[in-house]
Amino acid sequence: MNKFIPLSVPNLKGNELEYVTDAIEKEWVSTGGEYISRYETEIADYLNVESAAACQSGTAGLHLALILSGVEKDHEVIVPTLTFIASVNPVKYLQAHPVFMDCDDSLCMDMGKLKKFCQSECDFIDHKLVNRYTGRHVKAIVVVHVFGNMADMSAVMDIAEAYNLKVIEDATEALGTYYLEGRYKGKYAGTIGDIGVYSFNGNKIITTGGGGMIVSNDNSLIQRAKYLSTQAKNDAANFIHNEVGYNYRMTNLQAALGVAQLERLESFISVKAENYKLYQSGINDRLNGLKILDFRDDIRPNYWFYPLYITDSDKYSRKKIIKYLADNNIQARPVWGLIHEQKPYLNNQDYMIEKAPHYYNRIVNLPCSSNLSADDVHTVIDKIRAIS
């Protein structure tokens, strides 16, 4: 039996055990402890943002970000259909309504269609964007940076400014990605909009097992996120709560892992960049009908995932590739099922969705862990070649 090559697993060979042991020995294992504040400070320093709030998950972070953005019942939030469903579910938590937008060739939201939707399907009345079809107030945009790529933030920020929309960056897959040129040169994914959210799930580029982080250059928003994430305690000693809060704070054990992982983030990105180039040279230059998707030219990506794109659907099928790799002990996955087609969202509005179904049918994500060896990459490539 060949060695099993997983899709994306943690790399825990740094100071993780030392820091977690330290947290345990000091008996700070829950939602208090020095590693939480240290992790928040070090993430904020890395991203060059004002402040950060550690939370229980990326999903919890997005829920809080929507609340902080003023999203309420019967508001609308523009979201992509090509993303993991956790990017959209928090809109429903608030009894608001998602409006689904198509992707472009970066797999991120199509900003041309977003602009067209705002211009031709809505009215801007009293500083509010109103959807003509539903009569509802469009309050915010959730922009997802897919697979470590980066959405066109210059375009989305111009649209948001024109129509008084809040911008939440779902950067759960893009920690470490930043612009190399242009208006936002040097700016990291998650630091350009009003609020950015990251995830440290086990398959992300760095992990705390679970966990997430909210960042902003508006410190008042981050302080409110901390308040809401700790059950909205106005007087902790006397158990006084003036609002409904949430048990959304990260634990000190998770944060200890995170501090150790963040120390190695840039080295993880370097390894993933090299493996990405190996995949490109082994597939793009030698196989007709398949290619590794490019990242934007104007960014330094974190190379989180490596999407294999089927250019010849007569020759290759997504299901066949995934099955063949699985039969050879290699884990691969399709892109997510489009959210506007999922049962909980069938009654929500979608707009000009054309490219997302195309990419859904033609993408296979290949093993991409930061501890993936060059030999592992060559094994995957050899098996893909054997399919043809």
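The values are calculated or read from the model by the stated rules, or taken from the named source; none is laboratory data. All of these numbers come straight from a predicted model, not from anything done at the bench. Cβ: placed from backbone, ideal geometry, glycine included. Neighbour counts: every protein chain shown.
If you check Gly245, Gly211, which single one turns out to be modelled with pLDDT of 95 or more, crowded, with 24+ Cβ neighbours inside 10 Å and either farther than 23 Å from Glu40 by Cβ or in contact with a strand residue (DSSP E or B) (Cβ under 9 Å, 6 or more places away or on another chain) (or both)?
Within the list Gly245, Gly211, the selection yields Gly211.
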Among (1) surrounded by fewer than 21 Cβ atoms within 10 Å (Cβ to Cβ); (2) within 17 Å of Cys55 (Cβ to Cβ), where does Lys185 come up short? (2)
Listed by first then second residue, the pairs whose first member lies in the range 242-271 and is closer than 12 Å to Arg38 by Cα, whose partner is among the basic types (Lys, Arg), with beta carbons under 8 Å and at least 6 positions apart or on separate chains, are Ala255/Arg38; Val259/Arg38
Filter result for Ser317 (loosely packed, with under 14 Cβ neighbours inside 10 Å and free of Cβ contacts under 8 Å to residues at least 40 places away in the same chain): no
Total residues in the range 197-233, condition closer than 16 Å to Ala86 by Cβ and out of contact with any helix residue (DSSP H, G or I) (no Cβ under 8 Å at 6 or more places or on another chain): 3
Take Lys277 and tell me if it is free of Cβ contacts under 8 Å to residues at least 60 places away in the same chain and assigned to a strand (DSSP E or B). no
Do we find a residue being farther than 29 Å from Met250 by Cα and assigned by TED's automatic domain parsing to the domain that holds Asn252 anywhere in the range 80-99? yes
Odd one out for Thr41, checked against (1) surrounded by fewer than 20 Cβ atoms within 10 Å (Cβ to Cβ); (2) in the same structural domain as Glu173 (by TED's automatic domain parsing); (3) in contact with a Gly (Cβ under 8 Å, 6 or more places away or on another chain): (3)
Looking at (1) under 20 Å from Cys368 (Cβ atoms); (2) touching a Pro at 6+ places or on another chain (Cβ under 9 Å); (3) of a type in the set (A, V, I, L, M), can you tell me which one Leu175 breaks? (2)
Looking at Glu173, is it buried (at least 23 other Cβ atoms within 10 Å of the Cβ) and touching a residue at least 40 places away in the same chain (Cβ under 8 Å)? yes
Lone qualifier among Ser106, Ser57, Ser30 - being within 30 Å of Asp123 (Cα to Cα) and either touching a residue at least 40 places away in the same chain (Cβ under 8 Å) or touching a Pro at 6+ places or on another chain (Cβ under 6 Å) (or both): Ser106
Note on Asn288: of the conditions (1) out of contact with any strand residue (DSSP E or B) (no Cβ under 7 Å at 6 or more places or on another chain); (2) modelled with pLDDT of 95 or more; (3) polar (S, T, N, Q); (4) farther than 30 Å from Ile36 by Cα, unmet is (2)
Just wondering, is there one or more residues in the range 57-66 that are surrounded by fewer than 20 Cβ atoms within 10 Å (Cβ to Cβ) and either of a type outside the set (Lys, Arg) or closer than 26 Å to Phe305 by Cβ (or both)? no
Would you point out which residue out of Asn203, Asn164 is modelled with pLDDT of 95 or more, closer than 18 Å to Cys55 by Cα, surrounded by fewer than 21 Cβ atoms within 10 Å (Cβ to Cβ) and in the same structural domain as Ala53 (by TED's automatic domain parsing)? Asn203
Scanning the range 123-136 residue by residue, the ones that are within 14 Å of Ile78 (Cβ to Cβ) and either surrounded by 21 or more Cβ atoms within 10 Å (Cβ to Cβ) or among the acidic types (Asp, Glu) (or both) total 1
